[in-house]
Amino acid sequence: MAEPRFDPLGLLAALDRHRVAYVVVGAFARVVHGADELTRGVDIVPSLRTENLRRLEEALDDLEAQRTDGKQLALNDVDPAEEPVIELQTARGELKIVPQPEGTRGYEDLRRAATREPLGAGLRPSVASVGDLARMLAALGREEDQARLRSLHRLAELERQLGVEL
């Protein structure tokens, strides 16, 4: 199977059509906030409520999502301790479902500071705050994330400066 063209707007639009409650995290969220990165996928933290997981499964069916490890896709059994990241390939590109990112308590924790960001085509997904993105990266404790973490700290400083000027 050829790798599909990365279409983040199409991917997020499918989630929105099914009224899935989620927060965008990871590299795509950092890019939305202005980080100078490239990514080929979208990472989300969904609400783990039963009805939301049902809607997410419907959206994943529409996206022709398949797990990259070949296992059966069953979200009602999600255990963040057992499976911290569910990697999927969809008709719109890579999608990672992260039930409880490192350094957080999951969706409810992240949604408080998340902002609705206009991406075009009428899409305004909830995107994790710069502070929460930095908290997640720091909790991972990986050397390769240090440059990204410094970039997020610069973005947070810019946001503070702009907030004072407005």
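The values are calculated or read from the model by the stated rules, or taken from the named source; none is laboratory data. Nothing here was measured: the structure is a model prediction, and the numbers come from that model. For neighbour counting, all protein chains shown are included, and Cβ atoms are generated from backbone atoms with ideal geometry for every residue, glycine included.
What tally of residues in region 109-139 results from selecting those that are of a type outside the set (A, V, I, L, M), within 18 Å of Leu158 (Cβ to Cβ), in contact with a strand residue (DSSP E or B) (Cβ under 7 Å, 6 or more places away or on another chain) and in contact (Cβ under 8 Å) with a residue 24 or more places away in the chain?
Of the residues in that region, 1 qualify.
In this structure, does Leu60 turn out to be within 17 Å of Ser126 (Cα to Cα), in a helix (DSSP H, G or I) and hydrophobic (A, V, I, L, M, F, W, C)? Explain how you work it out, then say what you get.
Values: within 17 Å of Ser126 (Cα to Cα): no; in a helix (DSSP H, G or I): yes; hydrophobic (A, V, I, L, M, F, W, C): yes.
It is false that Leu60 is within 17 Å of Ser126 (Cα to Cα), in a helix (DSSP H, G or I) and hydrophobic (A, V, I, L, M, F, W, C).
Of the residues that sit in region 28-49 and are crowded, with 18+ Cβ neighbours inside 10 Å and more than 14 Å from Ala114 (Cβ to Cβ), which one is modelled with the highest pLDDT?
Val42
Enumerate the pairs (first residue in region 28-43 and at negative phi; second residue anywhere and of a type in the set (Gly, Ala, Ser) and crowded, with 23+ Cβ neighbours inside 10 Å) with beta-carbon separation below 7 Å, excluding pairs fewer than 6 apart on the same chain, so at least 6 apart or on different chains.
Partner pairs satisfying both residue conditions: Ala29/Ala128.
Is there a residue being surrounded by 14 or more Cβ atoms within 10 Å (Cβ to Cβ), among the hydroxyl-bearing types (Ser, Thr, Tyr) and without any contact (Cβ under 8 Å) to a residue 40 or more places away in the chain anywhere in region 98-106?
no
Does Arg124 count as farther than 25 Å from Gln146 by Cα and surrounded by fewer than 20 Cβ atoms within 10 Å (Cβ to Cβ)? Steps first, answer last, please.
Values: farther than 25 Å from Gln146 by Cα: yes; surrounded by fewer than 20 Cβ atoms within 10 Å (Cβ to Cβ): yes.
Judged against the criteria, Arg124 is a match.
Right, Leu56: over 30 Å from Leu162 (Cβ atoms) and buried (at least 18 other Cβ atoms within 10 Å of the Cβ) or not? Full working, then the answer.
Values: over 30 Å from Leu162 (Cβ atoms): yes; buried (at least 18 other Cβ atoms within 10 Å of the Cβ): yes.
For Leu56, the condition - over 30 Å from Leu162 (Cβ atoms) and buried (at least 18 other Cβ atoms within 10 Å of the Cβ) - is met.
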